[in-house]
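Novice: Below are the structure tokens for one structure; questions will follow.
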Amino acid sequence: MRKGVFFTMDAAFALYISLLVMSTLMIILEASTNYSNDPTVLMRLAQDVYEVKSYDPAARLPSFIKTDIDCNSAEDIGSVQKFVYSDIGVDASWTTKAGVYVTSQKVCYG
Amino acid sequence: MKGQLFTTDVLASVLIVTIIIAFTTWEFEQVYNRASDIQFEKLNSLATDIAQMAVKNLLATRTANGVILANSVNESRWNLLKAKMNELIIPPVAYEAVLNGPTPDTTFSEIGNGGCSYAKTNAAVARRIVYYYGAARELSIKVCS
């Protein structure tokens, strides 16, 4: 057998264990980066909430969702904007005036 | 230290074989993951589209003159959704749909065509919010294969 640099069993096992630990860490890190929120889903939920509130502004929403100011610190927010006609609206100069205004609905996961 | 000895050549060849096996396994895993992602995207698209169709049309209440009230559901149309989903979703793809209210009731019993509870490897859920008699409810449509 050719003479060379020698490794003990301990050194060989240590190398194997290092490889195993590194590959396990890589798998865990890869799995944790797969999740992402689809913005379209939140946008559609915002649209749903807008519709539901148009039927009943006091309707209690399911607990998995939060709206408006409760979403200020949320990472993912869905939002829709609508033109609405109001005869008791307020214009940019805070004057009560009939007309078309923009209203928005924000949602996020609770 | 005395012990069983490896030469550099043996160690290098063992390492190379290990790396080749690891890369092959990793590539197989990547292909499997990609196939799983593509399957999920198909199911997700199906669930999302059906949920959109349900809340905007199939389940929506009609006024006396035929105007559709989007997101306002009518219990008499629940079976219509079931019929449409049975028509659109055929095995091996299965579905479950449920309308959860603020309090449990039997107005909208769970519908499905075989269930997603067993022998399924991939599933997508679309959740939407609808209005029914003074309360918001969660429509949940799960599609799996």
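Novice: Any idea what the alpha-carbon Rg over 2.2 N^0.38 Å comes to for segment A:39-109?
Specialist: Ratio of Cα Rg to 2.2 N^0.38 Å: 1.22.
Novice: In this model, which of B:LYS82/B:LYS120; A:LYS66/B:LYS84; A:LYS82/B:LYS142 are farther than 27 Å apart at the alpha-carbon?
Specialist: A:LYS66/B:LYS84; A:LYS82/B:LYS142
Novice: Two decimals is fine: what is log10 I(q)/I(0) at q = 0.09, 0.11 Å⁻¹ for segment B:8-144, from a Debye sum with one equal scatterer on every Cα and no solvent?
Specialist: Taken in order of the listed q values, log10 I(q)/I(0) reads -0.40, -0.51.
Novice: Over all residues in B:7-15, what is the mean tally of Cβ atoms on other chains that come within 10 Å of each residue's Cβ?
Specialist: Other-chain Cβ atoms within 10 Å of each residue's Cβ, averaged: 4.
Novice: Now for a separate question. On average over all directions, what projected area in square nanometres does the protein assembly as shown have, based on the convex hull of its Cα atoms?
Specialist: 23.3 nm²
Novice: Where the only charges are on Cβ atoms (+1 Lys, Arg; -1 Asp, Glu), what is the dipole of segment B:8-144 about its Cα centre, to the nearest 20 debye?
Specialist: Result for segment B:8-144 is approximately 680 debye, rounded to the nearest 20.
Novice: Place a label point 7 angstrom from the Cα of A:LYS82 along the Cα-to-Cβ direction, then list the residues of segment B:64-97 whose backbone nitrogen is under 11 Å away.
Specialist: Counting only backbone N, you get B:70-71.
Readers should treat all values here as calculations from the given coordinates under stated rules, not as data from a laboratory. For clarity, every value in this text was computed on a predicted model and none was experimentally measured. Cβ atoms come from the backbone with ideal geometry, glycine included; neighbour counts cover every protein chain shown.
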